Amino acid sequence: MNNPFRVLAVPFFASGFAALIYQVAWQRLLFVALGVDIESVTIIVSTFMLGLGIGALAGGRLSDKLPDRTLELFFTAEFLIGIFGLASPHLIGYVGTLTIDEPRIIIAGANFLLLLLPTTMMGATLPILVAYMVRSNGNVGLSIGGLYFINTLGASLGALSVGFLLFYYFDLYIVIYLAATINLLVSAFILASFKLRSL
Amino acid sequence: MNFPWWLSLSVGFLSLSQEILWVRLGAFAYGGLPHIFSFVLASYLVGIALGAHIGKWFCSKKMDLYLTGGLVLLLAGIFDLLTPWISSIVLKRPVLLPVAALAIIASAAVKSILFPIAHHLGSSRTGTKIGTSISNVYFGNIVGSTFGPLVTGFYLLDNFTTEQCIILVGIGSMLLGTLMLIQAKSWKQAITVAVVGYVLAVTTMPWQRAGVIEKLADRQNDNKPIRYLVENKHGILHTLVPASGEDIIIGGNVYDGHVGTDMSSNPNHLERAYMLAAVHPSPRRILIVGMSTGAWTLVALGFPGAEHVDVVEINPGYLNIIKRYEEVSPLIDDSRVQIHIDDARRWLKRNPTSKYDLIIQNTTFHWRSNITSLVSIEYFKELGTHLNPGGIVAVNTTGSRDILKTAQAAFPYAYKFASFVYGSFVEIKTEPAEAMRRLNDCKIGSTRAFLPQHFDEEGVAYQIAHTTLEPVETLLSVTAPVSPAIITDRNMLTEFRHGKLVAPQPLRWVYPPNPRAY
């Protein structure tokens, strides 16, 4: 593969697009359970970040242990995010109902555990793909700069679309299902493009 | 942990802190319009993407990345220091929003240039541990990005003004830049860059104390002076001094109400509250959702037979304001009042056994961010479970027909009076003579709420007592260009589809019809 960036650019852009849809939409769902005060916002942001952090650490290490299966890891991450996305509206609602009478720390912990899977997967994708590219071009800054650029650009479009378009046409659940569909399409694209079995 | 790891962490911290501050400024400037969050977030992310792209270019060149990074961070710091001044101009008018987007993009880009640089400096480029070394530096960035919102959103904004927080981020960027310059290969170049950077920072000092909040604050049409300004982590409140009459409280830069309960001038339109005293025979337990100026709470306390008033208010800053006005401050010390600083919906869910004769919600405009949780059908049904037999829920619709429709769906009996909707499980009737007697018994403190002339035929008390409440069903049977619909937690109708923001004419075809567009 001479230039993996060309193949990765579109799916990683789409992945960033879906991620920001989740962030905004899940935040709205969690507000119902947690409230809309500053404490709730902080809990939600920290939960997201903590999951991304764990994913970041895990992604690089996995990539080193399985250097020849990087794209399978990316496929798995996107597929799992998509599957979780489909179930997420009901899961978040269920956990919210289950923990409504619990102290705030228990509610925060339960939601953290719930979102741990998708946020870890989201956090893992960047180091996985950067490591993959560095093995081709030998330049960390060039690889991470390029991938981060395309992923964040997708995220930006996701943020803009949610507030200025998607919420005008669809309700929260449909918007989340849309993001899940994008993740599943990305995983299908990776599967098809790289013919996983031969990698 | 080496320097690049700390660099990655610090850039994440400063960047996310700055994003939070931009969101706060944008939300304040546009009164909590829900789209502003998307606008700022999208602009900021474009900035981060561009910064990463530029940083990538630096990494591909054979240059001293410590010198380059130090220079970039000094510039980022100077930009931060000027942000209060810049934002006080670009956030002032909607026509300047594209310029605001450019400012936000620039402010994010200058910091995120450091993202690839930190990874380039801190990761091994060969060997079997490439992934691990990359993710270690990336993890540092996420740790910083986690603590940025925590420290800034939770601590700094509760102890410093928004403007001071922005200045602190600017100073942080400049200090981080200086630390990078110390490690540059060429001392001469590093000192030159530092001197130029700090001279620029000092030169721009006259613009750094911009008074951004005062400049963006809504002062109404006649530019009223601000009396009090309260900033905390929950939001920004200010009070205005009108040419005559009672002060006005502005919460999150939109009108909240007047400080006062005088029924002769009646700027708060308190007839909407007194209607409840007129129609309910014995309102002993009352819940107030959203305290704001305290005027409505004071009125409820004076209803004949009022024994206990629970108030749920999300922003404790209102208490600071109320304490400063002797017209409303007595409510704080009234033993019948219990004030709960909490999210109303959460508080209701956690107090399922609390029942009330009256629930009064005079919160804020139907188009503001996250208002859905206080106007959706799910919430109205929750309110219904907190009513005593014969109890009434009163909600300010702020002109939204969707809220009327939603209340009608949640309660068998729903009526409109002025901007309010009253919902109940029993029919609400007005008996003029009885209503006049009850209104006559209403008090503010130990004084009667209404003067004798208020009971004359043209008087406000007489008008309240003789008003026939209009059933919502009748009202909604009138055909409108866009039919109102039931608001749910999922459709967030009044924030987006039927919200304040109406697309300009060339883009109308993209959007579903909005009643405001007619």
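Values quoted throughout were computed directly from the atomic coordinates according to the rules given, and no laboratory measurement underlies them. Please read these numbers as outputs of a predicted model, since none were measured by experiment. All Cβ positions, glycine included, derive from the backbone under ideal geometry; neighbour counts span all protein chains shown.
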### Task
With runs of 4+ DSSP H residues as the only contributors, calculate the mean residue ellipticity of chain B at 222 nm using -39,500 (n - 2.57) per run, divided by the residue total and rounded to the nearest 500.
-14500 deg cm²/dmol
### Summary
Mean projected area, convex hull of alpha-carbon positions in the protein assembly as shown, reported to one decimal in nm², is 32.3
### Query
What lysines sit close enough to B:LYS215 to cross-link, taking a C-alpha to C-alpha distance under 16 Å and skipping anything fewer than 8 places away on the same chain?
B:LYS92, B:LYS224
### Query
What is the magnitude of the charge dipole of the stretch A:8-198 about its Cα centre, with +1 placed on the Cβ of each Lys and Arg, -1 on the Cβ of each Asp and Glu, and no other charges, expressed in debye to the nearest 20?
580
### Relative exposure of A:ASP37, B:ASP64, B:ASP343, B:ASP333, judged by other C-beta atoms within 10 Å (fewest first)
B:ASP333, B:ASP64, A:ASP37, B:ASP343
#### Entry: Estimated FRET transfer efficiency when R0 is 35 angstrom, pair B:LYS129-A:ALA110 (beta carbons, to 0.05)
0.50
### Summary
Kirkwood Rh over alpha-carbon pairs of chain B plugged into Stokes-Einstein at 20 °C, 1.002 mPa s gives a D in µm²/s of 83
### Task
Report, in debye and to the nearest 20, how large the dipole of the stretch B:177-336 comes out about its Cα centre when Lys and Arg carry +1 and Asp and Glu carry -1 on their Cβ.
960
## Note on the structure
Measuring from the longest principal axis of the C-alpha atoms of chain B, the long axis of helix B:432-441 (C-alpha) lies at a number of degrees, nearest 10, equal to 60
### Message
Please list 3J(HN,Hα) in residue order for the stretch B:494-504, calculated via the Karplus relation 6.51 cos²θ - 1.76 cosθ + 1.60 where θ = phi - 60°; whole Hz, with x for glycine and proline.
### Response
6, 7, 10, 4, 10, x, 6, 6, 10, 5, x
### Task
Please give the calculated 222 nm ellipticity per residue for chain A, where each DSSP H segment of at least 4 residues contributes -39500 (n - 2.57) and the sum is spread over every residue; nearest 500 deg cm²/dmol?
-30500 deg cm²/dmol
### Task
Loop only per DSSP, at most 16 neighbouring Cβ atoms within 10 Å: give me the GluC sites (Glu not before Pro) in the stretch B:427-518, ordered by residue number.
B:GLU427, B:GLU457, B:GLU458
### Query
Between the DSSP loop rule and a limit of at most 14 other Cβ atoms within 10 Å, which trypsin sites (Lys or Arg not before Pro) in the stretch B:141-212 are left?
B:LYS185, B:ARG209
### Task
Could you tell me how many degrees, from 0 to 90 and to the nearest 10, lie between the Cα long axis of helix A:140-161 and the main elongation axis, the longest principal axis, of the Cα atoms of chain A?
40
#### Entry: Folded to 0 to 90 degrees: helix B:97-112 orientation relative to chain B principal axis, Cα
50
#### Entry: Gain in span if fully extended, A:LEU80 to A:ILE100, counting 0.36 nm per residue against the direct Cα distance
4.5 nm
#### Entry: Fraction of alpha-carbon pairs over 27 Å apart in chain A - percent
29
## Note on the structure
Residues A:MET49, B:MET63 in order from fewest to most other beta-carbon atoms within 10 Å are B:MET63, A:MET49
### Query
Could you give the dipole magnitude of the stretch B:176-229 about its Cα centre, charging the beta-carbon of Lys and Arg +1 and that of Asp and Glu -1, in debye to the nearest 20?
120
### Message
Which residue, B:PHE303, B:GLY290, B:ILE332, has the largest displacement toward the positive end of the dipole of the stretch B:283-441 when charges sit on each Cβ (Lys, Arg +1; Asp, Glu -1)?
### Response
B:GLY290
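Using R₀ = 41 Å, calculate the FRET efficiency as 1/(1 + (r/R₀)^6) where r is the Cβ-Cβ separation of B:ASP456 and B:ALA480; round to 0.05. Write out the running numbers ahead of the final one.
Numbers: r = 37 Å, r/R0 = 0.90.
Approximately 0.65, to the nearest 0.05.
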### Message
Cross-link candidates for B:LYS443: which aspartates and glutamates have Cα within less than 12 Å, leaving aside residues fewer than 8 places away along the same chain?
### Response
B:ASP262
### For the stretch B:3-215, with +1 on Lys and Arg beta carbons and -1 on Asp and Glu, the positive-most of B:LEU50, B:LEU25, B:ILE142 along the dipole
B:LEU50
#### Entry: Under 24 Å from the Cα of B:LYS416 - lysines, other chains or at least 8 residues apart
B:LYS355, B:LYS381, B:LYS405, B:LYS429, B:LYS500
